[in-house]
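**Q** Structure provided below as structure tokens; questions to follow.
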């Protein structure tokens, strides 16, 4: 089994956030890899990774970073693959990382999810893959249907909660 999604973190301290992406990709049966690379501490390795990812069969990259949050942009600068940035909460509640990731120069886009939004990054990656893989598209459709079912169930449970002035 060869990975088609690559999850890259600036350091392993980002793993608790990125586990949600790992779990979602696992649930969707999408082969993935997880590595730590630093735009500042290992810049040559980051560039080498980005330049060679497509040739290794990677189709989407999810890159998490906090603080200066350079990693997603540095990767995007060296590949034509779609890069999804996950700003990690740290300083300034992650606002610094969010702004660093979304403020990319023209020609170097990075799709960006909310702070600590690794699960949404994985869903976005699966949506991209589903464009050309019917089996992935079906699993994604089933997943999204299950989201609706959770809300329908929650409303049934809420209907049973009684308060003196509750009207529904």
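What follows draws every value from the coordinates through simple rules; no lab data is involved. All of these numbers come straight from a predicted model, not from anything done at the bench. Every residue, glycine among them, receives a Cβ derived from its backbone with ideal geometry; neighbour counts consider all protein chains shown.
**Q** Highest first, please rank the peptides 11-24, 117-130 by the mean number of other Cβ atoms sitting within 10 Å of their residues.
**A** The peptides rank, most packed first, as 117-130, 11-24.
**Q** Now a separate question. Set the Förster radius R0 to 25 Å, insert the Cβ-Cβ distance between residue 23 and residue 44 as r into 1/(1 + (r/R0)^6), and round the FRET efficiency to 0.05.
**A** 0.20
**Q** Okay, moving on. Taking the alpha-carbon set of the chain, what are its Rg and Dmax in Å?
**A** 18.3, 65
**Q** Rounding to the nearest 10 and keeping the result within 0 to 90°, find how far the Cα-based axis of helix 134-159 lies from the longest principal axis of the chain.
**A** Approximately 40 degrees, to the nearest 10.
**Q** Can you grab the distance from the C-alpha centre of segment 9-75 to the C-alpha centre of segment 100-128, Å, no decimals?
**A** Taking the Cα centre of segment 100-128 as reference, the centre of segment 9-75 is 12 Å away.
**Q** Determine the gain in length on full extension of the stretch residue 1-residue 134; use 0.36 nm per residue of separation and subtract their C-alpha separation, reporting nm with one decimal.
**A** 46.0 nm
**Q** For the chain, what does -39500 (n - 2.57) per DSSP helix run (n ≥ 4), summed and divided by total residues, give at 222 nm, in deg cm²/dmol to the nearest 500?
**A** Roughly -14500 deg cm²/dmol at 222 nm, from the helical runs in the chain.
**Q** Where does helix 118-130 land angle-wise versus the long Cα axis of the chain, in degrees 0 to 90, nearest 10?
**A** Result, in degrees: 80.
**Q** Based only on Cα atoms, what Rg/Rh ratio does segment 1-68 have, Rh being taken as Kirkwood's radius?
**A** Taking Rh as the inverse mean 1/r over Cα pairs, Rg/Rh reads 0.96.
**Q** Any chance you could give the angle, 0 to 90 degrees and rounded to 10, that helix 43-53 forms with the longest Cα principal axis of the chain?
**A** 70
**Q** Pairs of alpha-carbon atoms within less than 8 angstrom and 6+ residues apart define the contacts here; what relative contact order does the chain have, in percent?
**A** 21
**Q** With a point put 7 Å past each Cα toward its Cβ, work out how far residue 52 is from residue 143 in nm, to one decimal.
**A** 2.9
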